[in-house]
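Bear in mind that the values in this text are calculations on the coordinates, not laboratory data. Treat the numbers as computed from the prediction; the structure is a model and nothing was measured. Methodologically, a virtual Cβ is constructed for each residue, glycine included, from the backbone with ideal geometry; neighbour enumeration extends over all protein chains shown.
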Amino acid sequence: MNRRRSKSNQSRQGALLIAALACMAVAIAIIGVLFSSSLRTRRQLHAERDLRQVELLVDAGLRRAAAKLSADESYDGETWRIPADQLLQNGAAEVTIAVAPSQKAEDSSEDDDTVDVTIAARYPLNIPRTVQRTRTFTIHPAAN
């Protein structure tokens, strides 16, 4: 009789062990999904931060070009390098400014001194996921 009772206890203990292992497997799977989701969200936030920083750099490049054109009509652009310690500490940035006579001014017969300013901003440099944005603006230097 004792043998039957102990076999019954053993099978009950075995079933409890299997149930506990199944619960642990489910918990580990849930933790894995949560960790993966957290990592994906973190990467997305970093990408959005970098994109926002590039947009701000394009705006700063336009303001810099406008100021330089106001001071010097012969300004034709530059490559502006910004070290990481002046930004978010995530890497350096590069803003390339190119100034050319406006296509609209060339097409019209009017004496117009508008210029096309092309700004290309890259941030952060020297990593595989560098974000780059290029924008072209038409400005009138005397109006600045």
- Message: Treating only the Cα positions of the chain as identical point scatterers, give the base-10 log of I(q)/I(0) from the Debye formula at each q in 0.18 Å⁻¹.
- Response: -1.01
- May I ask for the angle, rounded to the nearest 10°, between helix 2-71 and the longest principal axis of the chain, with both axes built from Cα atoms and the value confined to 0 to 90°? 10
- Task: Just need log10 I(q)/I(0) for the stretch 27-105 at q = 0.19, 0.23 Å⁻¹, Debye formula, equal scatterers on the alpha-carbon atoms, no solvent, rounded to two decimals.
- Result: -0.89, -1.06
- Note on the structure: With label points set 7 Å from each Cα along the Cα-to-Cβ direction at Asn90 and Ser36, the distance between them in nm comes to 2.5
- Query: Under 5 Å between amide H atoms, partner at least 5 residues away or on a different chain: which partners does Trp80 have, H built in plane at 1.01 Å?
  - Reply: Val95, Thr96, Ile97
- Query: How far apart, in nm, are the 7 Å Cα→Cβ label points at His140 and Leu125?
  - Reply: 3.6
- FRET efficiency for Cys23 and Arg52 from the Cβ-Cβ distance with R0 = 41 Å, rounded to 0.05, comes out at 0.40
- Item | Taking the chain and dividing mean pair separation by its residue count, relative contact order in percent (alpha carbons under 8 Å, at least six apart) | 20
- For the chain, what is the charge dipole size about the Cα centre, in debye to the nearest 20, if Lys and Arg each add +1 at the Cβ and Asp and Glu each add -1 at the Cβ? 2960
